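For reference, the structure is listed below as structure tokens.
The values are calculated or read from the model by the stated rules, or taken from the named source; none is laboratory data. For clarity, every value in this text was computed on a predicted model and none was experimentally measured. Using ideal geometry, Cβ is built from the backbone for each residue, glycine included, and neighbour counts are taken over all protein chains shown.
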């Protein structure tokens, strides 16, 4: 994946993924108005050295405002863990499914054409659209130039956001959107597809032929741009995203994750079936087993297009939600096995979990209070060593066994 896409997926993860934590606490905001104005002067000078006309710089950089709310959101510190079950229930809701089905039917001529031209089935395009902005219903309210300038001057990822600010100026220079319409998320993601400016410049399309790549107000432009982006990410035309499956009782959960991709035929040999017991389809595909809420929750085989979805947002839970919402929009049924809730942990409890695993020799990595992949792998090693199902899922039993919960 090139640097442009890495940057986009990193920001998308912050904005849209099921956060490892929820209910955030904010840290102190240190950027003063005086510092911001000094920074703006430096940004104007640097913009003059780019391929941005002086008139554009003068027109759009003169009235930029410091937005403390953007810094607050950027620096917010999560307080409690949130589970896949919580995320999935919110994101693949009955209302979103029903609305998606209506949009899918109403836009069939457009979606069929986009499928022919870009190779992306329409129900996937509608699913991305639904997850990103609720089918264009909520685009964000923060002026994009204010957000990007604030983050460029705030300093933590200043170089990245400075580049995106200049990209936003190029979009305005091209006449794709008016400044008062260019609003979006606190991190600068814009339009019905929530593209960062660099992704917009590379992949946004004028599908309705009005001379503008208007991802805010044109459904045609937004969906065509999503199709163009997914093609650029490497979407395989004839493949699904993946599917729900049933695992055999003796399944070795150390085989889960993308480090253990295997051909479908190998998974079938190991006893994996479709829900209800039917055989897996015969296809020359590799897949990984994903169990986002442990051995008591649903299991999925993730195909190559699952990784493409993660190029849009690098969260596995987001990718499952896109795939499942697409399935439901196309008429598929509910999950056969519902996701399992996990206990809510605060950062202090996660830090204690990491410290305990490290002390026991299971190497959870740095004690940072974040329940990430390293901690999950260490937890799986502990489970295996203690005769538990080694799925790495922090359920009540293993947390009690470790002394994290009563």
Could you please let me know if residue 88 is modelled with pLDDT of 85 or more and under 30 Å from residue 340 (Cβ atoms)? yes
Screening 107, 114 for residues that are in contact with a helix residue (DSSP H, G or I) (Cβ under 9 Å, 6 or more places away or on another chain), at pLDDT 95 or above and within 25 Å of residue 310 (Cβ to Cβ) leaves only 114
Given the options 370, 301, 325, name the one that is surrounded by 17 or more Cβ atoms within 10 Å (Cβ to Cβ), touching a helix residue (DSSP H, G or I) at 6+ places or on another chain (Cβ under 6 Å) and touching a residue at least 24 places away in the same chain (Cβ under 8 Å). 325
Residues located in the range 102-141, provided they are in contact with a strand residue (DSSP E or B) (Cβ under 9 Å, 6 or more places away or on another chain) and surrounded by fewer than 19 Cβ atoms within 10 Å (Cβ to Cβ): 141
Residue ID - nearest to residue 114 (Cα to Cα), chosen from residues in the range 199-227 that are assigned to a helix (DSSP H, G or I) and either in contact with a strand residue (DSSP E or B) (Cβ under 8 Å, 6 or more places away or on another chain) or in the same structural domain as residue 310 (by TED's automatic domain parsing) (or both): 225
With respect to the numbered conditions (1) assigned by TED's automatic domain parsing to the domain that holds residue 221; (2) assigned to a loop (DSSP other than H, G, I, E, B); (3) in contact with a helix residue (DSSP H, G or I) (Cβ under 7 Å, 6 or more places away or on another chain); (4) buried (at least 19 other Cβ atoms within 10 Å of the Cβ), which one is the sole condition not fulfilled by residue 179? (4)
Taking residue 137 as the residue in question, decide whether it is more than 18 Å from the chain's Cα centre (by Cα), within 26 Å of residue 73 (Cα to Cα) and without any contact (Cβ under 8 Å) to a residue 40 or more places away in the chain. yes
Options 163, 191: the member that is in the same structural domain as residue 229 (by TED's automatic domain parsing), over 18 Å from residue 75 (Cβ atoms) and surrounded by fewer than 21 Cβ atoms within 10 Å (Cβ to Cβ): 163
Of (1) in contact (Cβ under 8 Å) with a residue 60 or more places away in the chain; (2) closer than 30 Å to residue 97 by Cα; (3) part of a loop (DSSP other than H, G, I, E, B), residue 332 fails just (1)
Quick one: is residue 43 crowded, with 16+ Cβ neighbours inside 10 Å, modelled with pLDDT of 95 or more, out of contact with any strand residue (DSSP E or B) (no Cβ under 9 Å at 6 or more places or on another chain) and assigned by TED's automatic domain parsing to the domain that holds residue 155? yes
When every residue in the range 346-404 that is closer than 17 Å to residue 259 by Cβ and part of a loop (DSSP other than H, G, I, E, B) is compared, the one modelled with the lowest pLDDT is 372
Name the single residue, out of those in the range 246-256 being in a loop (DSSP other than H, G, I, E, B) and closer than 12 Å to residue 301 by Cβ, that is modelled with the highest pLDDT. 247
Looking at (1) in contact with a helix residue (DSSP H, G or I) (Cβ under 8 Å, 6 or more places away or on another chain); (2) in a helix (DSSP H, G or I); (3) over 30 Å from residue 124 (Cβ atoms), which is the one condition that is false for residue 317? (3)
